[in-house]
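The values are calculated or read from the model by the stated rules, or taken from the named source; none is laboratory data. All figures in this text were calculated on a predicted structure; none of them were measured in a lab. Methodologically, a virtual Cβ is constructed for each residue, glycine included, from the backbone with ideal geometry; neighbour enumeration extends over all protein chains shown. Protein only, heavy atoms only, side chains kept; ligands, DNA and RNA dropped before computing areas. Shrake-Rupley method; radii C 1.70, N 1.55, O 1.52, S 1.80 Å.
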Amino acid sequence: TTLKAKYPRKKILKVHNPVIVDRKHLSSKTNASGYIAWVANFRYQKNLRLLFEIAQLLPNEEFRIAGNPNSKIDAESKEYVGKLETLPNVKFMGKVEREDILPFLRDAKLLLNTSRYEGFSNTFLEAMIVGTPILTTSLVNPDGIISTYQLGIVYETAGDIASKIQKIDSQQFEGMSNNCNQYIQDFHDHSHLTRKLENFLGLGRLDK
């Protein structure tokens, strides 16, 4: 909108974050089974306090945490890592290597984001590839895509997310999972974006 207002006579194409979508990993889920995954470094921005509050409110859900603290971990994150370690429904996975992240997210029923602020998280794209719906705060909903395209659930507080998770039925869950697969192909697949850019520029196939 800003660019169109500044350059009203120019054609503008928005190119989303490109990602290689290997079709062998594309999958959608028909039922909400598995754990709730959380992937991030342990720092203030990622809000481990909120993660603890959510895990405490959902004792019947299993939470698997992928990530490690860095050498400069802040006091709040350190405190809530300790508190999370006391919860029987929380399992720390340590660092999940790049080649293992898609299987880790595929086996999860939901990806949880608790960040206080963040840009477009790569974990969102990875979760969409394997059809895992996303739970995220209203502060981390880039361009409103999670709510607009029904790729998961946007929540405000720990109590809010607990209530919303319990209301997800199988039809809604399957729909969100399918939407994740479709969205990643329509807006982020690198080959699809290449064709869009070629058409926008009036070019033929670049590999001809």
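Out of the total accessible area of segment 93-157 (probe 1.4 Å, heavy atoms of protein only), what percent is carbon and sulfur? Please report the intermediate quantities before stating the final value.
On the way: 1220 of 2600 Å².
On segment 93-157, the fraction of accessible area on carbon and sulfur atoms equals 47 percent.
Can you pull the one-decimal nm distance between simple spin-label points at ASP107 and SER170, each 7 Å off the Cα toward Cβ?
If labels sit at ASP107 and SER170, their model points lie 2.4 nm apart.
When ligands, DNA and RNA are left out and all protein chains stay put, how many square angstrom of accessible area per residue does segment 11-167 have with a 1.4 Å probe? Walk me through the intermediate numbers first.
On the way: 7840 Å² over 157 residues.
Roughly 50 Å² per residue, with all protein chains present.
Given the Cα atoms of segment 77-136, and with Rh set as the inverse mean 1/r over their pairs in the Kirkwood sense, what is Rg to Rh to two decimals? Before the final figure, lay out each step's value.
Working: Rg = 12.8 Å, Rh = 13.0 Å.
A ratio of 0.98.
Arrange the peptides 55-63, 125-133 so that the one whose residues have, on average, the most other Cβ atoms within 10 Å appears first.
Ranked by mean Cβ neighbours within 10 Å, highest first: 125-133, 55-63.
State, to one decimal in nm, how far the label point of LEU203 lies from the label point of LEU139, with both points 7 Å from Cα in the Cβ direction.
4.0
In the full protein assembly as shown, how much of LEU50 is accessible to a 1.4 Å probe, in Å² to the nearest 10?
20
What are the ³J(HN,Hα) values, in whole Hz, obtained from phi via the Karplus relation 6.51 cos²θ - 1.76 cosθ + 1.60 with θ = phi - 60°, for each residue of segment 52-64 in sequence order, with x given for Gly and Pro?
For segment 52-64, the Karplus curve yields 4, 4, 5, 4, 5, 7, 10, x, 8, 9, 8, 10, 10 Hz.
For the cross-link pairs LYS46/LYS167; LYS46/LYS72; LYS83/LYS164; LYS29/LYS167; LYS46/LYS78, which exceed 20 Å when the distance is taken from alpha carbon to alpha carbon? Provide the component values of the computation, followed by the final result.
Values: LYS46/LYS167 26 Å; LYS46/LYS72 14 Å; LYS83/LYS164 24 Å; LYS29/LYS167 17 Å; LYS46/LYS78 12 Å.
LYS46/LYS167; LYS83/LYS164, as the Cα separations exceed 20 Å there.
Given 0.36 nm per residue, what is the gain on full extension from LYS72 to ASN41 after removing their alpha carbon distance, in nm? Can you show the working numbers first?
Values: separation 31, 0.36 × 31 = 11.16 nm, distance 1.12 nm.
Using 0.36 nm per residue and subtracting the Cα-Cα distance, I get 10.0 nm.
With a point put 7 Å past each Cα toward its Cβ, work out how far PHE120 is from THR157 in nm, to one decimal.
3.3
So if R0 is 22 Å, what FRET efficiency would ASP22 and GLN182 give, r being the distance between their Cβ atoms, rounded to the nearest 0.05?
0.85
Once a ≥ b ≥ c are taken as the square roots of the eigenvalues of the Cα gyration tensor of segment 111-168, is the result rounded (a/c under 1.5), prolate (a/b larger than b/c) or oblate (a/b not larger than b/c)?
Numbers: a/c = 1.69, a/b = 1.23, b/c = 1.37.
Here segment 111-168 falls in the oblate category.
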